[in-house]
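Asks: One structure, pasted below without further comment.
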Amino acid sequence: MGKMTSPVLILLITAFLSFMPISELRGAIPFAIVNGIPWYWAYLFAVIINALVAPGCWIFLATVHKLFYGASPEKGIRWYKNFFDRFVEKARDKISVKLEKWGWLGITVFVAIPLPITGAWTGTLGAWILGVSKKRTMAAVIAGVVIAGAIVTAVFVLGIEVFTFFIKKNYLHQYK
């Protein structure tokens with residue numbers, strides 16, 4: 001894939017990837033770097049956007065979720081309830097062990113591991129399900145996002161540097 005030309009478009013796509021539960025930082029930081037954003041700006045921008053997931057998710061759970069889910073079994077939107085209940089079970093299974101072992105810092109560790117199904121969305125939802133306070137959830141998720149961003153950035157930047165042995169240097173410098 002070649003470089004995009006519009007920095008605004010690159011930043012918009014990076015923000016979108018940072019905020020999406022599927023990609024989060026794992027997709028946003030490499031995308032930004034490959035498209036010409038210096039690694040330190042890619043890290044900072046993607047981490048800030050991804051950190052907004054925690055308050056965004058919390059606001060959603062406190063408002064829209066209540067409307068969609070309904071107060072009783074016959075109320076609410078059926079497909080939403082099915083989707084949400086499955087997502088909740090996965091989140092509970094993934095987070096509860098870490099939370100029991102390390103307390104709310106377990107959420108930080110969970111969010112900090114940049115793998116699929118770990119991240120700010122699942123961390124916030126899991127903390128909400130397990131009754132962790134809003135303040136501790138925000139702190140834990142933001143700390144986890146900062147760490148995950150550093151891991152993704154380091155792996156991507158150092159991974160590119162490893163290939164300098166195999167790739168002409170004038171081609172590689174465009175990705176820094």
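Asks: Checking A54 against (1) within 17 Å of L115 (Cα to Cα); (2) in contact with a helix residue (DSSP H, G or I) (Cβ under 6 Å, 6 or more places away or on another chain): exactly one of these is not met. Which one?
Replies: Unmet for A54, out of (1) within 17 Å of L115 (Cα to Cα); (2) in contact with a helix residue (DSSP H, G or I) (Cβ under 6 Å, 6 or more places away or on another chain): (1).
Asks: So, one more: Across segment 126-147, what is the number of residues that are more than 15 Å from D93 (Cα to Cα) and small (G, A, S)?
Replies: Counting residues in segment 126-147 that are more than 15 Å from D93 (Cα to Cα) and small (G, A, S) gives 5.
Asks: Give all pairs with beta carbons closer than 9 Å in which a residue from segment 95-119 that is surrounded by fewer than 20 Cβ atoms within 10 Å (Cβ to Cβ) meets a residue that is among the hydroxyl-bearing types (S, T, Y); count only pairs at least 6 apart in sequence or on separate chains.
Replies: Listed pairs, sorted by first residue: W102/T108; W104/S133; W104/T137.
Asks: Please count how many residues of segment 64-85 are surrounded by 13 or more Cβ atoms within 10 Å (Cβ to Cβ) and out of contact with any helix residue (DSSP H, G or I) (no Cβ under 7 Å at 6 or more places or on another chain).
Replies: Qualifying residue count, segment 64-85: 2.
Asks: To continue, here is another question. For segment 38-64, how many residues meet the condition of being modelled with pLDDT of 95 or more and farther than 14 Å from A120 by Cα?
Replies: 8
Asks: Can I ask one more? Does F60 fit the bill of being closer than 24 Å to A143 by Cα, out of contact with any Ser or Thr (no Cβ under 9 Å at 6 or more places or on another chain), surrounded by 11 or more Cβ atoms within 10 Å (Cβ to Cβ) and of a type in the set (F, W, Y)?
Replies: On the way: closer than 24 Å to A143 by Cα: yes; out of contact with any Ser or Thr (no Cβ under 9 Å at 6 or more places or on another chain): yes; surrounded by 11 or more Cβ atoms within 10 Å (Cβ to Cβ): yes; of a type in the set (F, W, Y): yes.
It is true that F60 is closer than 24 Å to A143 by Cα, out of contact with any Ser or Thr (no Cβ under 9 Å at 6 or more places or on another chain), surrounded by 11 or more Cβ atoms within 10 Å (Cβ to Cβ) and of a type in the set (F, W, Y).
Asks: I'd like the residue in segment 124-146 that is in contact (Cβ under 8 Å) with a residue 60 or more places away in the chain and under 13 Å from the mean Cα position of the chain (by Cα) and, out of all such residues, is surrounded by the most Cβ atoms within 10 Å (Cβ to Cβ).
Replies: V141
Asks: Quick check on my filter: what residues within segment 13-70 are under 19 Å from V132 (Cβ atoms), of a type in the set (A, V, I, L, M, F, W, C) and part of a helix (DSSP H, G or I)?
Replies: A51, V53, A54, C57, W58, I59, F60, L61, A62
The values are calculated or read from the model by the stated rules, or taken from the named source; none is laboratory data. Just so you know, these numbers come straight off a predicted model, no measurement behind them. Counting neighbours? That spans all protein chains shown, and the Cβs are built from the backbone with ideal geometry, glycine included.
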